[in-house]
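Every number in this text was worked out from the coordinates using simple rules, so none of it is lab data. Only a predicted model underlies this, so the values are computations on that prediction, with no experimental measurement involved. In this analysis, Cβ positions are derived from the backbone assuming ideal geometry, glycine residues included, and neighbour counts consider all displayed protein chains.
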Amino acid sequence: MAGWEERRAWLRCMEKAAWGDTPLEVAKNETAAYFSNGKTVEFQLEQEMQDSFEISGGDQGWRVRGGETGVLYGAYALIRACEAGETVPAGVQAPSYALRMINCWDNMDGSVERGYAGRSIWFEGNRFEYEPARIRQLGRLLASVGINVLCVNNVNVHQPAQHLLDGLLPDTARFAALLRPFGVRLMLSIDFSQPMQQGLSTADPLDAGVQAWWAETAKRVWTAIPDLAGFLVKADSEHRPGPNTYGRTHAEGANMLARAIAPYGGRLVWRAFVYNCMQDWRDKTIDRPRAAYDLYMPLDGAFDGNVILQVKHGPYDFQVREPLSPLLLGMEKTPLAVEFQLAQEYTGHQIDLYYMASLWRETFSQMGKGSVTAVAAVSNLGRDDCWTGHPFAMANLFAYGLFAWDPDSDPEKALRQWVKLTYALPAGQEDSLTAMLMDSRAVYERYTATLGLCWMVQPNIHYGPSPYGYEFQAWGTYNRADRNAVGIDRTKNGTGYAEQYPEPLRSLYADPQTCPDNLLLFFHRLPYDFVMKDGRTLIQRIYDDHFQGCQEAEAMGEALSALSLPSPDREEAAERMQAQIRNAREWRDVTNTFFHRFSGAEDRHGRTIYD
Ligand code: GCV
């Protein structure tokens, strides 16, 4: 079996390069190793260009002009294009977002919350434990697609992680130093109540003692790690402490922390994932998707300049299909980050194939350019040799980097580049793998969440079907299926959630005749005999999608076995594909039976639906 050293994901072509101590040195070493055929690459450093670069030249050699990190991104862009046989990008290339972040949900005991690729690469036994070469390799992976911030610890900050700011600070600084030559800056998740764990009687953001504690802490931390990108905070969310405990607003809480770190250029990333997770399922007046907009819109303009409000792309929680969070369209005076999840919590646990770039394309095109200042994604990485559990899940990390750099990127082009860099497949097989991954999102959606029906998953695990698994729980995640109808009316006649959208989306979603099919049951409660735009009944469409999705998963299995992938990717992908097919069959049968029992409707095509 190959170890991680042999499985450098898309950087296999650069095995021989030496490390360097600065981005420029790394850029020189990487290009010298790659262009060992005599072509030269010259670098011209122009500090003010920062992350930007421009590549010129061609036949004789290349010239890369760029800022301190720009030269490195230029070197990688050049290598990626040459290796994939693509045209080298012309003109000045500048990233659309200054912060292109990966948020790791790694716990200090070595576990990874929602991790599907093994244990943490850098934590074990409540301390840092890692192979330095692997951390450098990680820095290189991230830099090669332009990612520049790594938040190392879980947003659910369990007690030992607080010591990253004090007892373990020298280790945190050593870890940061390993990533620095790759232009990757560290970020730390912090606990809002941290001052109380360390002797103070309160964490009230308006308390002078608390403010002094954070100011002192910030000074210590930035002295050790002067380029720390900032703090990430999950507050008043899923039982985490926050300013609400003290009757303070989220602006008061965030600004207190932001002021402590402002002298060092730190950014305070404050997550907007706040909702009532203790809801009584009987209470239909509460509608979880409304929560973030209701809480944060009145605070627009109240945050300090170095606060970034980090908003999940949809109003729920990384479901297979959600509309864009209305907060991303509504807040105009607050710097925003959009948050995605590479970890496949609800999207197949890195067992089922699920290439995400079309989601990012949809999200960015709905938001429009310039409405967010940063991009974040929950990591899908772990200690597994192939880094991401499923070797194809690496395509998501790769493409995420390209989209965080340029939200107008093309999902298929990004994927093709990853396929070419990762595998040496014959052209027809490249097409086949690309097609399989391009279709994977729609296939998964068909057998797990048709018509926007989400949350029908095994509670806590979030893999496999359980139509009533979340129905009577406190998390605010209901489908309210009964013998007459399914879904929730979120128009002004119902919970009013659709009213949070500006026009024309508000009207588009409010009318079942214009609402996109894939969000129909997210916005509406409809009877099983409701006639869809294509003339089918709602129940028939539910049956059809489950049969079709499952069949497509089986066909992907056949297409996969025809690929001449290298070992062990071939065996790993095949094994996971078998699990995916079992999962798809289970989803098909459980969901169809569930709705058949309620509706009593027979399948028009007479296929098997179990009683
Ligand atoms: C880190 C969901 C996940 C949690 C996660 C949370 C979040 O609820 O299931 O594991 O916690 O999102 O984004 O904070």
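The figures follow:
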item: Region 216-327 - Kirkwood radius from inverse mean 1/r over Cα pairs (Å); result: 15.3 Å
item: Signed unit charges on C-beta, dipole axis of region 4-93, positive-most listed residue VAL71, GLY38, VAL88; result: GLY38
item: Three semi-axes of the equivalent ellipsoid, region 80-155, Cα gyration tensor, whole Å, largest first; result: 31, 15, 10
item: Region 343-445 - Kirkwood radius from inverse mean 1/r over Cα pairs (Å); result: 14.2 Å
item: Qualifying trypsin sites (Lys or Arg not before Pro) for region 234-309 [loop in DSSP, other Cβ within 10 Å: at most 12]; result: ARG282
item: Of the DSSP H helices in the chain, those whose Cα atoms cover at least 30 Å axially and whose Kyte score averages -0.5 or more; result: 538-561
item: Computed E for ASN493/ARG12 - FRET, C-beta separation, R0 51 angstrom, nearest 0.05; result: 0.35
item: For q = 0.15, 0.20, 0.23 Å⁻¹, Debye-computed log10 I/I(0) when each Cα of region 4-93 counts as one equal scatterer; result: -0.52, -0.91, -1.18
item: Counted charge near THR514, where neighbours are those whose Cβ lies closer than 12 Å (Asp, Glu -1; Lys, Arg +1); result: 0
item: About the Cα centre, charge dipole magnitude for region 99-422 (Lys/Arg +1, Asp/Glu -1 at Cβ), debye; result: 700 debye
item: Calculated [θ] (222 nm, deg cm²/dmol) that DSSP helices of n ≥ 4 give over the chain, each run adding -39,500 (n - 2.57); result: -11000 deg cm²/dmol
item: Spin-label pair THR202/ARG174, simplified geometry with 7 Å Cα→Cβ offset, distance in nm; result: 4.0 nm
item: Gain on full stretching of the segment that runs from TYR468 to ALA33 - 0.36 nm per residue minus C-alpha separation; result: 151.0 nm
item: Relative contact order, percent, the chain [alpha-carbon distance under 8 Å, six or more residues apart]; result: 12 percent
item: Relative exposure of HIS390, HIS524, HIS163, judged by other C-beta atoms within 10 Å (fewest first); result: HIS163, HIS524, HIS390
item: Straight-distance crosslink candidates among aspartates and glutamates, where the alpha carbon sits under 19 Å from LYS39 and sequence neighbours closer than 8 are dropped; result: GLU15, GLU25, GLU30, GLU54, ASP59, GLU83, GLU86
item: Computed lengthening from SER564 to ARG282, 0.36 nm per intervening residue step minus Cα-Cα distance; result: 96.2 nm
item: Inter-site label distance for ASP300 and GLU332 at 7 Å from Cα along Cβ, in nm; result: 0.7 nm
item: Residue exposure sequence - SER36, SER111 - by fewest surrounding Cβ within 10 Å; result: SER36, SER111
item: Per DSSP, loop trypsin sites (Lys or Arg not before Pro) in region 310-390 with at most 11 further Cβ within 10 Å; result: LYS333, LYS369
item: Range in the chain, longest, excluding exposed chymotrypsin sites (Phe, Trp or Tyr not before Pro) [loop by DSSP; at most 11 other beta-carbon atoms within 10 Å]; result: 1-471
item: Contour minus Cα-Cα distance for ASP59 and GLU554 (0.36 nm per residue); result: 173.5 nm
item: Ratio Rg/Rh [Cα only; Rh per Kirkwood] for region 476-589; result: 1.14
item: Range in the chain, longest, excluding exposed GluC sites (Glu not before Pro) [loop by DSSP; at most 11 other beta-carbon atoms within 10 Å]; result: 16-331
item: Fewest-first ranking of ILE488, ILE102, using other Cβ atoms within 10 Å as the exposure measure; result: ILE488, ILE102
item: Sequence-distant residues sharing a close amide H with ALA235 (under 5 Å, placed H); result: ARG271
item: Check: the chain dipole with +1 on Lys, Arg Cβ and -1 on Asp, Glu Cβ, in debye; result: 320 debye
item: Cα lying deepest toward the dipole's positive end in region 128-241, options SER201, VAL184, CYS151, charges on Cβ; result: VAL184
item: Low-density loop positions, trypsin sites (Lys or Arg not before Pro), region 392-489 - DSSP coil, at most 14 other Cβ in 10 Å; result: ARG480, ARG483
item: If the convex hull is drawn through the Cα atoms of region 99-422, its volume per residue in Å³; result: 130 Å³
item: Listed residue (GLN47, THR22, GLN60) projecting farthest to the positive dipole end of region 4-93, Cβ model; result: GLN60
item: Taking N as its residue count, the alpha carbon Rg of the chain over 2.2 N^0.38 Å; result: 0.97
item: Sites TYR130 and ARG480, calculated FRET efficiency, Cβ-Cβ separation with R0 51 Å, nearest 0.05; result: 0.60
